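Engineer: The structure is given below, and queries will be raised subsequently.
FYI, it's all coordinate maths here, none of it is from the lab. Being a predicted model, the structure only gives us computed values, none of them experimental. In this analysis, Cβ positions are derived from the backbone assuming ideal geometry, glycine residues included, and neighbour counts consider all displayed protein chains.
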């Protein structure tokens, strides 16, 4: 196979993968918008929102709030009501875990930030500060 043919195939496969990733990111954006509306009811706000454009697009965002506003019983109820919303459930579970660690460590810190990457693969990291 000539290099030119190989490069053409590689370009075609990459474009298809990029199209699939873009479609997935668009789905996550819809879920993200719904999740933010729920998190705002607990006093959380979007801290930053960055779009990365490459072969595989991704969105980096943070959601910030007070760890003292995390009420496990309320979050579990929302999780039960929104099982189909994977991103929301994942974010709420991350907050519950952060609250448990915060209580166990008896930390004096009160801020919590969710660092979210909507991409392939998606990730959620939690900072307690």
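Engineer: Angle check, please: helix 3-40 long axis (alpha carbons) against the longest principal axis of the chain (alpha carbons), in degrees 0 to 90, nearest 10.
Structural biologist: With rounding to tens, the tilt is 20 degrees.
Engineer: Tilt of helix 86-105 relative to the longest C-alpha principal axis of the chain, in degrees (0 to 90, nearest 10)?
Structural biologist: 50
Engineer: A further question follows. Obtain the nm distance between the two label points defined at residue 125 and residue 42 by a simple spin-label model: each point lies 7 Å from its Cα along the Cα-to-C-beta direction.
Structural biologist: Output for this residue pair reads 2.1 nm.
Engineer: Could you give the length gained by full extension between residue 97 and residue 69, i.e. 0.36 nm per residue of separation minus their alpha carbon distance, to one decimal place? Before the final figure, lay out each step's value.
Structural biologist: Working: separation 28, 0.36 × 28 = 10.08 nm, distance 1.35 nm.
So the chain would gain 8.7 nm between residue 97 and residue 69.
Engineer: Top mean-square fluctuation among 94, 35, 23, Gaussian network model of the chain, C-alpha springs under 10 Å?
Structural biologist: Ranking 94, 35, 23 by mean-square fluctuation puts 23 first.
Engineer: If you take the beta carbon distance between residue 23 and residue 84 as r and set R0 to 25 Å, what does 1/(1 + (r/R0)^6) give as a FRET efficiency, to the nearest 0.05?
Structural biologist: Efficiency computed from Cβ-Cβ geometry: 0.85.
Engineer: Can I ask one more? Between [x] -0.55, -0.70; [y] -0.26, -0.45; [z] -0.40, -0.59, which matches log10 I(q)/I(0) by the Debye sum over Cα atoms at q = 0.10, 0.13 Å⁻¹ calculated for the structure shown?
Structural biologist: Working out log10 I(q)/I(0) by the Debye sum over Cα atoms at q = 0.10, 0.13 Å⁻¹ from the coordinates points to [z].
Engineer: Could I ask something else about it? Mind sorting 120, 112, 126 by how few other Cβ atoms lie within 10 Å of their own Cβ, fewest first?
Structural biologist: Going from sparsest to densest Cβ surroundings: 120, 126, 112.
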